[in-house]
Amino acid sequence: MRGYFWRSWIWGQAVGMSAIDLDDFANAETDQVAVDRQSLRRKPIPRMLISECLRLYDATAVAATGSIAYALYVLPGPRTLDNRYPGAIALGALVAAIVAQLLSAYRMESVFSRSLGAQRAVAAWSISFGLFVTVAFGLKLSEFYSRVWAGSWLLSAAALMLFGRYFLSFMTLRWARQGRFAFRTLIVGVGEQADALAAHIAERGDVRTRIVAFVDDRSGQPRRRRTFHGHPVIPGVDRMMALIRENAADEIIIALPWSQARRVQELTMLLATTPVRIRLAPDLAGLRFADRRVTMRAGVPMLTLFDRPISGWSHVFKLIEDRLIALAALAFLAPLLLLIALAIKLDSPGPVLFRQRRFGFNDRLIEVWKFRTMHSKCTDANAALQTTRNDPRVTRLGRFLRKSSLDELPQLFNILKGEMSIVGPRPHAVATKAEGRLFQDVVDRYAARHRVKPGITGWAQVNGWRGETDTIDKIQKRVEFDLYYIDNWSVWFDLYIILRTFIVIFRATGAY
């Protein structure tokens, strides 16, 4: 550690006598590639300033439109100035601001989105207005306010919010492309970890980061690189510290191997004396899971690689949804179920129902119920041979039942038993294969489908990945859509899939 502090002391004495000139550094011939002097001097626009201006704009829009509507529709009439209107307008602006904050309308993802921010702002205003109407009706105050004024206030404020949001998103995205919000960033390290970090930033893009240069912190070694990922390499910690003291950097990212703990600690202690953000990039293993969220355990930040899906209250809502829909469907479809059972008995000899072992939640084997669609002597309990077009094993009635998915209706009883859900990844039989290989041998994350209960319908099915999965590409696509559903589950997503199911169920598909 003494090495870093010794160099820092020497630099501190020198900088007091002659500070490094940024223009000289930017044009230094010894660096081969000049550091962009404009990047060094241009400070980022504080994103918080944009967010707060947006908050002020929304409050002003609500107050202004309410006041204008009052002036146009109330004051010209026989009424005199009514204090209840200004009070309602002020309270409306305040409540709308609070609700918008609760809906995350001023977070960065809303500010930089063309639609998300507008949706959240208008939703906040609509909720606030609905609360006002409900309270006014409950307290019998609605008769004191003009309905024309109220309707004009609602619509004009929403329109002004939409205009402001879309205009601001246009400007912010334009500024973001120009790098106006990005921190001037120095990355310490020119090794494998810095290389992986730079590649990740270049691939994903980030409006918050503008790489100015890389820093080769190794002392006593010949300089190996003069450029790194198209940016200049600053030779040594002393030059980096000079740039920081000249206010030419906003952020330092240490991209050194975590195995070099002493080196990282020494550099961190040195940088702790500077007024810039200091961040420690994850090690190579952490970069592979860069999209995972960080949680704290015993004061230690940890990457949550995979969380338990549909847990907590989400699990309760999903359970209620499954039970209610299954009971309602059985009550409504009971005559149809009896009719199908009778038709099966008349069409071919054998039992009405067919049980097949399939993978359920947590890789457990469950017995899935279906209407029998094959001749009884040809039924395949493990699905060793997938059904194909014009399969001779399928009965005449069975072809219609399979194509329309009516053969799946008995799985409503599996739902009531708690083995399945209305919506989820379709359960596969234990022996199904694609191109002669078991599904779990074809797709790496295939078993991740079993982190939730299987469903009668699913996101893959309504997107066309239904029926025969005879090729590797088909099963890979189905798993891709299933995993997307698991990661993005919501009650509304389930209802949307159910509605889509009714639309696509009778279309010609690969279901035989």
> Taking H as built 1.01 Å from N, whose amide H comes closer than 5 Å to the amide H of PHE181, not counting residues under 5 places away?
Replying inline: ILE45
> With the other protein chains left in place, how much accessible area per residue, in square angstrom, belongs to segment 240-381 at a 1.4 angstrom probe?
Replying inline: 59
> Once amide H atoms are placed 1.01 Å from N in the peptide plane, what residues at a sequence separation of 5 or more from SER421, or on another chain, have their amide H within under 5 Å of its amide H?
Replying inline: GLY455, ILE456
> When the label point is put 7 Å from the Cα of SER376 along its Cα-to-beta-carbon vector, which residues of segment 349-369 have a backbone N closer than 11 Å?
Replying inline: 349-353
>> Rolling a 1.4 angstrom probe over the protein chains, ignoring ligands and nucleic acids, what is the accessible area of VAL99 in square angstrom, nearest 10?
In response: 20
>> Give me, ordered by chain and number, the residues 5 or more places off ILE254 or on other chains with an amide H under 5 Å from its own placed amide H.
In response: VAL188, ARG279, LEU280, ALA281
>> Please list 3J(HN,Hα) in residue order for segment 124-130, calculated via the Karplus relation 6.51 cos²θ - 1.76 cosθ + 1.60 where θ = phi - 60°; whole Hz, with x for glycine and proline.
In response: 4, 5, 5, 5, 4, 5, x
> Can you give the FRET efficiency for SER104 and ASP195, using 1/(1 + (r/R0)^6), R0 = 41 Å, r = Cβ-Cβ distance, to the nearest 0.05?
Replying inline: 0.70
>> Could you give the length gained by full extension between ALA159 and SER115, i.e. 0.36 nm per residue of separation minus their alpha carbon distance, to one decimal place?
In response: 14.5 nm
>> Apply the Karplus curve 6.51 cos²θ - 1.76 cosθ + 1.60, θ = phi - 60°, to the phi angles in segment 188-197 and return the couplings in whole Hz, x for Gly and Pro.
In response: 8, x, 9, x, 5, 5, 5, 4, 5, 5
>> Take TYR166 and ARG55, extend 7 Å from each Cα along the Cα→Cβ direction, and tell me the distance between the two endpoints in nm.
In response: 2.7
> Can you work out ³J(HN,Hα) from phi for every residue in segment 299-310, in order, using Karplus 6.51 cos²θ - 1.76 cosθ + 1.60 and θ = phi - 60°, giving whole Hz and x for Gly and Pro?
Replying inline: x, 10, x, 10, 7, 8, 5, 9, 9, 6, x, 6
>> Explain nothing, just the number: dipole magnitude of segment 281-337 about its Cα centre with +1 on each Lys and Arg Cβ and -1 on each Asp and Glu Cβ, in debye rounded to the nearest 20.
In response: 120
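The values are calculated or read from the model by the stated rules, or taken from the named source; none is laboratory data. Bear in mind the structure is a predicted one, so any value in this text is a computation, not a measurement. A quick note on method: Cβ atoms are made from the backbone with ideal geometry, for glycine too, and the neighbour counts reach across all protein chains shown. Heads up: the accessible areas ignore ligands, DNA and RNA and are worked out on the full protein's heavy atoms, side chains in. Shrake-Rupley method; radii C 1.70, N 1.55, O 1.52, S 1.80 Å.
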